[in-house]
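Below: the structure, in structure tokens.
The values are calculated or read from the model by the stated rules, or taken from the named source; none is laboratory data. Computed from a predicted model, the values in this text were never measured in an experiment. Here Cβ is always computed from backbone atoms with ideal geometry, including for glycine, and neighbour counts include all displayed protein chains.
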Amino acid sequence: MSWEKELCERLKRVLLLSKKCVKHVKAPELVEEEFLTHKVLLSLAKEVHEKRGPVKLREIVEGVYGSVTKRNMDIVRLLIRKTLIPCGIVEKLYVGKRDVRYLLGAYRFQEAREVYSSSGRVVQEPVGPIIEVPREYLPIPSEVFQLLLSVKGISCVLSKLDEDFSCGKISERLYRKLKTEYEGFRENAQKKLKEYDELLKTLGMGY
């Protein structure tokens, strides 16, 4: 099963967290003060980025401690179960009969407080900035980068083509033929990128 579509949805999502939960996703001011919960979060994000799908507990543990022992496994398992899952930051998945794996619930988080709406219902009101998982750990589909590079490369070719024609280096017939051909290639790539428009806007990646 390909998890890329599911990961794209999680990349676009902003998960609202209570004041108690939001501290788990905040980066510490000093590296030496980094909380274990934040280390687990980053380890999970890094492993998912590399595997492009849910990861096993031992993979998260190895990223946190550098080695896997029963004690380390128990510590991280308990932390995830008692802290990160109840907050919605991490999701536990059963992908097989005895195959338990983990995914981040989202890659962007924001603190929220409970307020009463005009109808008397309790709703969550976002407060403060959006907190993102570091960009290097975002599981952006590889196709997105391929298409962005393709569009940029073809635009450079078209620019050089215009330059060569204006300098008289190629005939008008060849110029028009190549221009039509490469514009078609670029249009096809841009159409495919349209499928990722919402994700690209969320991440501030234009084309």
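Overview of values
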| quantity | calculated |
| --- | --- |
| Residue that is nearest to LYS23 (Cα to Cα), among those in segment 128-182 that are exposed (fewer than 14 other Cβ atoms within 10 Å of the Cβ) and basic (Lys, Arg) | ARG135 |
| Enumeration of residues in segment 43-72 that are under 22 Å from TRP3 (Cα atoms) and surrounded by fewer than 16 Cβ atoms within 10 Å (Cβ to Cβ) | GLU50, LYS51, ARG52, LYS56, ARG58 |
| Failed condition for ILE170, given (1) in contact (Cβ under 8 Å) with a residue 12 or more places away in the chain; (2) more than 30 Å from LEU41 (Cα to Cα); (3) outside any helix (DSSP H, G or I); (4) not charged (D, E, K, R) | (1) |
| Matching option when the condition is among the polar types (S, T, N, Q) and under 27 Å from LYS12 (Cβ atoms), among SER155, SER171, SER166 | SER155 |
| Number of positions in segment 149-178 that are farther than 27 Å from MET205 by Cβ and not aliphatic (A, V, I, L, M) | 13 |
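The rows are residues; the columns are (1) assigned by TED's automatic domain parsing to the domain that holds GLU59; (2) at pLDDT 90 or above; (3) under 29 Å from ARG52 (Cβ atoms).
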site	(1), (2), (3)
LYS97	yes, no, yes
LEU103	yes, yes, yes
PHE109	yes, yes, yes
GLU125	yes, no, no
LEU148	no, yes, yes
CYS156	no, yes, no
ARG173	no, yes, no
GLU187	no, yes, yes
LYS191	no, yes, yes
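Residues checked against (1) modelled with pLDDT of 95 or more; (2) in contact with a Cys (Cβ under 6 Å, 6 or more places away or on another chain); (3) surrounded by fewer than 15 Cβ atoms within 10 Å (Cβ to Cβ); (4) in the same structural domain as LYS26 (by TED's automatic domain parsing):
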| position | (1), (2), (3), (4) |
| --- | --- |
| VAL90 | yes, no, no, yes |
| ALA106 | yes, no, no, yes |
| ALA112 | no, no, no, yes |
| TYR116 | no, no, yes, yes |
